[in-house]
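The values are calculated or read from the model by the stated rules, or taken from the named source; none is laboratory data. Values in this document were obtained by computation on a predicted structure and should not be read as measured data. Cβ placement follows ideal geometry from the backbone for every residue including glycine, while neighbour counts extend to all protein chains displayed. Heavy atoms of the whole protein, side chains included, go into the accessibility calculation; ligands, DNA and RNA do not. Shrake-Rupley method; radii C 1.70, N 1.55, O 1.52, S 1.80 Å.
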Amino acid sequence: MSFHGFKQVFSSLRTTSNEESSTQTEMNPQEPSTGMTDNTTLFQGFEWYLPSDGQQYRRLARSLKSLKLLGVDQVWLPPGCKAGWQGSNGYDVYDLYDLGEFDQKGARGTKHGDKQALTDLSRLAQSIGVKLCWDAILNHKCAADYTEQCQAVKVDKENRLKTIGGKHEVEVWTGYNFDGRKDKYSSFKYHWHHFTGTDWEARLESNEHIYRFVGDDKPGWANDVDDTLGNYDYLMGNDLDHSQKEVRDDLHAWAEWIVKEVGVSGFRLDAVKHMSQSFLKAWIECLDTKFPKHLFFVGEYWRGDLDVLGPVIEKFNGRLHLFDVALAGNMSKISHDPVAADLRKVFEGTLTKHYPEQAVTFILNHDTQPRYERDHHVIPISPWFIPLGYALILLRQTPSYPSVFYGDLYGIQSPDPQNTPHLAQPPSCLGILPRLMLARKLWAYGPSREYFDDAACVGFTRLGLAGADGAASKKEGLAVILNIGTGYAVKRMFVGAQRRGQRFTDLLDFAWGEVVVDEEGWGVFPVGPRSVGVWLNSQAVGREKVEGLTRIPEMVYRT
């Protein structure tokens, strides 16, 4: 069986395009996008438990046109550089220049596919106008080729500014030859002095402590990183020393290479809170000189404190977006204690409220999805609230850029399908996420009226856009009502005098009946308990096609 497709109703919405057949090896950098035009959407193209079959690039290629039809303009790819082993998700990066091309670490391809499949995906994406965002791991390296001896001091894991004992010799896995690549693309090798530290002592076979490397040219941890645990420079593996010119030069060269080699539109930057901000700012500025149309950059900075994130955004002069961790945290709290929650305060302390143009909003991602082997950055959101959350980030008027998670649209695999198939999860939102995405693409336009006037029930309307010379527009607006209470609720909201007499119905089919807009453009919209309603003109252009989308079929993989 093949990877699932959407219902045939999409065929009537499909736009024609010719797939790129060129065999050139250097891709054209794709135009950047911040999701500000025509309600575009970022799509995270993976979840943590994807099968290790090397087929994810091909799965994405098969679904790319359907994603485009849902309003996706940019796909965030899974980490595609060679990692420590073939089944790795890629965050334990080994060789940045190996995109599944060389026989290294026990395989040629990565978990997600080989370089040819990646190239094919990129060409298809360019041909239909979908951009690709590369997941860049610039903080550390793992799975070294051989050990080296150097001088180090032990560091307390709970306080990275506290050393334990004096300087002494250690044996550490820090030598990188990349023998399988044979210097193709880059001849640079990594050694211990290119790193600030590690957490594994080879002779002791222990990771009880972190080891910070010392030497004449070793300044210690970077001082412009997050202050968690005293200094959060070190995260995992061998921590790259961005004060070393050779390291900076290699990372600059690699970034320019991968934009040209793959044709990416920008980067999702892993572990930003652990990296020198001055290095990262210079890295982005270097790329801006090479690609003056400006690539898109979004950073993973796992902290919800505006006093921390605000200065980061300001330091980067608007060039760095950040995931809105605070908003996801607020939603998590509301979903788990709705009786005590105040839905009016969902945006308090968030990037969406205070730095909306730099905010990338999300409900779940690979870090916050259910993880069975360990707790990570988990911000668990109760399933009943997920459709409410997506309605907020997809349909409300804001310059923030919404991200849709692969696991919410397609479902989540079990970590062990043979022995624990019951841990697999179906698509979220009761299968109506495609309708919410299409509602964003087709109708969520125009000025907004917000009705955040009740702790348990809030709403907002989009008044639509007029066509040329004031004619009716397809982008005609909608009304959204969210309820976290245990009883039914209604809210009187204004949808525009031009809508007088129109009959509105709930696109999601959660509420029955019609709402007739009165002479002044107002309607009284109902919503069920702990539910969401998306109300719009029953005769809206494209409505019958969207309503043809029933629940998405379960995810089926080729093995």
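Structure summary
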{"quantity": "Ala444 being among the small types (Gly, Ala, Ser), under 25 Å from Val75 (Cβ atoms) and part of a helix (DSSP H, G or I)", "calculated": "no"}
{"quantity": "Residue in the stretch 186-193 that is out of contact with any Pro (no Cβ under 7 Å at 6 or more places or on another chain), among the charged types (D, E, K, R) and in a strand (DSSP E or B) present", "calculated": "no"}
{"quantity": "Every residue from the stretch 388-407 that is among the aromatic types (Phe, Trp, Tyr) and in a helix (DSSP H, G or I)", "calculated": "Tyr390, Tyr406"}
{"quantity": "When residues of the stretch 128-164 are limited to those that are of a type in the set (S, T, N, Q) and more than 23 Å from Thr110 (Cα to Cα), the one most open to solvent (accessible area, probe 1.4 Å)", "calculated": "Gln149"}
{"quantity": "Matching residues in the stretch 429-454 - criterion: being among the small types (Gly, Ala, Ser) and more than 18 Å from Gly533 (Cβ to Cβ)", "calculated": "Gly446"}
{"quantity": "Qualifying residue in the stretch 419-431 (condition: more than 29 Å from Gln369 (Cα to Cα), more than 23 Å from the chain's Cα centre (by Cα) and either modelled with pLDDT under 95 or of a type in the set (Gly, Ala, Ser) (or both))", "calculated": "no"}
{"quantity": "Selected residue (only one of Lys293, Lys281, Lys333 is within 30 Å of Trp221 (Cα to Cα) and surrounded by fewer than 21 Cβ atoms within 10 Å (Cβ to Cβ))", "calculated": "Lys281"}
{"quantity": "Filter pass, Gly180 being closer than 21 Å to Asn139 by Cα, out of contact with any Cys (no Cβ under 6 Å at 6 or more places or on another chain) and open to solvent by less than 60 Å² (accessible area, probe 1.4 Å)", "calculated": "no"}
{"quantity": "Tally, over the stretch 281-330, of residues that are within 21 Å of the chain's Cα centre (by Cα) and among the hydroxyl-bearing types (Ser, Thr, Tyr)", "calculated": "1"}
{"quantity": "Criterion (assigned to a loop (DSSP other than H, G, I, E, B) and modelled with pLDDT under 95) met by exactly one of Leu229, Leu204, Leu235", "calculated": "Leu204"}
{"quantity": "Unmet requirement for Lys167, which otherwise passes all of (1) open to solvent by 60 Å² or more (accessible area, probe 1.4 Å); (2) of a type in the set (D, E, K, R); (3) in a loop (DSSP other than H, G, I, E, B)", "calculated": "(3)"}
{"quantity": "Hey, Pro380 in a loop (DSSP other than H, G, I, E, B), touching a residue at least 24 places away in the same chain (Cβ under 8 Å) and more than 26 Å from Gly528 (Cα to Cα) or not", "calculated": "no"}
{"quantity": "Top-ranked residue of the stretch 77-101 - restricted to ones that are hydrophobic (A, V, I, L, M, F, W, C) and open to solvent by less than 20 Å² (accessible area, probe 1.4 Å), ranked as nearest to Ile128 (Cα to Cα)", "calculated": "Leu77"}
{"quantity": "Failed criterion for Lys273 (all others in (1) of a type outside the set (S, T, N, Q); (2) in a helix (DSSP H, G or I); (3) within 20 Å of Asp199 (Cβ to Cβ); (4) open to solvent by 30 Å² or more (accessible area, probe 1.4 Å) hold)", "calculated": "(4)"}
{"quantity": "Among (1) surrounded by fewer than 20 Cβ atoms within 10 Å (Cβ to Cβ); (2) polar (S, T, N, Q); (3) modelled with pLDDT of 95 or more - the single one Gln74 does not satisfy", "calculated": "(1)"}
{"quantity": "Output for the stretch 476-531, where each listed residue is in a loop (DSSP other than H, G, I, E, B) and among the charged types (D, E, K, R)", "calculated": "Glu476, Arg500, Asp509, Glu514, Asp518, Glu519, Glu520, Arg530"}
{"quantity": "Scope the stretch 482-498; condition open to solvent by less than 40 Å² (accessible area, probe 1.4 Å), closer than 17 Å to Ala466 by Cα and out of contact with any strand residue (DSSP E or B) (no Cβ under 7 Å at 6 or more places or on another chain); matching residues", "calculated": "Gly496, Ala497"}
{"quantity": "Top-ranked residue of the stretch 356-377 - restricted to ones that are assigned to a loop (DSSP other than H, G, I, E, B) and touching a strand residue (DSSP E or B) at 6+ places or on another chain (Cβ under 8 Å), ranked as surrounded by the fewest Cβ atoms within 10 Å (Cβ to Cβ)", "calculated": "Pro370"}
{"quantity": "Identity of the residue in the stretch 110-127, open to solvent by 20 Å² or more (accessible area, probe 1.4 Å) and not basic (Lys, Arg), that ends up nearest to Asp73 (Cα to Cα)", "calculated": "Gln126"}
{"quantity": "Failed item in (1) part of a helix (DSSP H, G or I); (2) touching a residue at least 40 places away in the same chain (Cβ under 8 Å), with Leu132 passing the rest", "calculated": "(1)"}
{"quantity": "Criterion: in contact (Cβ under 8 Å) with a residue 60 or more places away in the chain and within 16 Å of Leu395 (Cα to Cα) - qualifying residue of Val534, Val495, Val527, Val541", "calculated": "Val534"}
